[in-house]
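Peer 1: Let me begin by handing over the structure; questions about it come next.
Each value in this text was obtained by applying a stated rule to the coordinates, not by laboratory testing. Here the structure is a predicted model, which is why all the values come from computation and not from measurement. Here the Cβ positions follow ideal geometry from the backbone for every residue, glycine too, while neighbour counts run over all protein chains shown.
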Amino acid sequence: EFITPYSPEQNGMVERVIRTLKDQCVHRHRFESLQHASRVIADWIGFYNNQRPHQAQGMKTPAKTYALAA
């Protein structure tokens with residue numbers, strides 16, 4: 001589903017994930033190449049989904065929440 005152009009408040013969940021990615025990963029590294037950035041960001045996404053507890057999910061990881069819903 002598309003949102004109104006220039007209306008990020010309509011897509012708050014994705015905007016929050018992008019902000020967290022920037023704050024906790026991208027802004028903390030000095031990338032040497034596109035491959036280095038891809039590797040570091042992929043590692044962070046794995047951490048975010050499998051190890052980092054989320055307050056909005058009752059301090060469970062997204063992977064745990066998904067497993068419980070299946």
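Peer 1: Could you size up the charge dipole of the range 8-69 around its Cα centre, putting +1 on the beta carbon of Lys and Arg and -1 on that of Asp and Glu, and report it in debye to the nearest 20? Write down the numbers at each step before the final one.
Peer 2: Working: 9 positive and 5 negative charges, 35 e Å.
With Lys and Arg at +1 and Asp and Glu at -1, about 160 debye.
Peer 1: May I ask you to evaluate 6.51 cos²θ - 1.76 cosθ + 1.60, the Karplus curve with θ = phi - 60°, for each residue of the range 13-19 and list the ³J(HN,Hα) values in order in whole Hz, giving x for glycine and proline?
Peer 2: So the J values, rounded to whole Hz, are 5, 5, 4, 5, 4, 5, 4.
Peer 1: Right, next: Taking amide H positions as placed in the peptide plane 1.01 Å from N, state which residues far from residue 54 in sequence (5 or more) or on other chains have amide H under 5 Å from it.
Peer 2: 59, 60, 61
Peer 1: Rounded, prolate or oblate: which fits the chain, taking a ≥ b ≥ c as square roots of the Cα gyration tensor eigenvalues, rounded meaning a/c under 1.5, else prolate when a/b beats b/c?
Peer 2: The shape class here is oblate.
Peer 1: Apply the Karplus parameterisation 6.51 cos²θ - 1.76 cosθ + 1.60, with θ equal to phi minus 60°, to every residue of the range 32-47 and state each ³J(HN,Hα) to the nearest whole Hz, in sequence, with x for glycine and proline.
Peer 2: For the range 32-47, the Karplus-derived couplings read 8, 7, 5, 5, 4, 4, 4, 5, 5, 5, 4, 4, 5, 4, x, 4 Hz, x marking Gly and Pro.
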